[in-house]
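The values are calculated or read from the model by the stated rules, or taken from the named source; none is laboratory data. Predicted model, so just to flag it, every value in this text is computed and none were measured. Note that we place each Cβ from the backbone using ideal geometry, even for glycine, and neighbour counts take in every protein chain shown. All accessible areas refer to the heavy atoms of the entire protein, side chains included, with ligands and DNA or RNA removed. Shrake-Rupley method; radii C 1.70, N 1.55, O 1.52, S 1.80 Å.
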Amino acid sequence: MPGPLSILQNTPPWVFAVFALLLVLGVQALRPRTVAVWRMLTVPLVFLAWGMITLATSSVASPVLFLTWAVAGVAGLALAWRTVRLDRVAIDRHRGVVNVPGSRVPLVRNLIIFVVKYVLAAAIAISP
């Protein structure tokens, strides 16, 4: 069984870049800010792309795996729909920006998702 250092050494460099991006965006989310609409979509698109890459490169890719991934995606959307509060979010359609309040939730959520995804990917790589 490989040790933690071995796992980190065999991690593709782009994973560290994704971690850094999520960390920076999460720290920025701690303070109220005005961001472009396209930036609001960055984190969801990063997770979506990472999931698709994992599916595409998985040695056990199957229709059941794709269906499971799709069901999990729908469940995630439903959870977001029920838990995200937009009462303090203001959209300026003319400028294409969104004013959002500061919150710890994006930082914590993104890091939890990243760690879970990383640990699962490492476990699959160690013992497919």
Fill in the blank from the handout: Apart from one, (1) surrounded by 11 or more Cβ atoms within 10 Å (Cβ to Cβ); (2) free of Cβ contacts under 8 Å to residues at least 24 places away in the same chain all hold for VAL37; the odd one out is (2)
Problem - In the stretch 93-114, residue most open to solvent (accessible area, probe 1.4 Å) [restricted to those that are over 18 Å from LEU22 (Cα atoms) and free of Cβ contacts under 8 Å to residues at least 12 places away in the same chain] - result: ARG93
Exercise for the section: Out of the residues in the stretch 40-74 that are not β-branched (Val, Ile, Thr) and not in a helix (DSSP H, G or I), state the one that is surrounded by the fewest Cβ atoms within 10 Å (Cβ to Cβ). Expected result: SER59
Problem - the stretch 75-92, subset open to solvent by 80 Å² or more (accessible area, probe 1.4 Å) and outside any loop (DSSP other than H, G, I, E, B), residue farthest from VAL116 (Cα to Cα) - result: ILE91
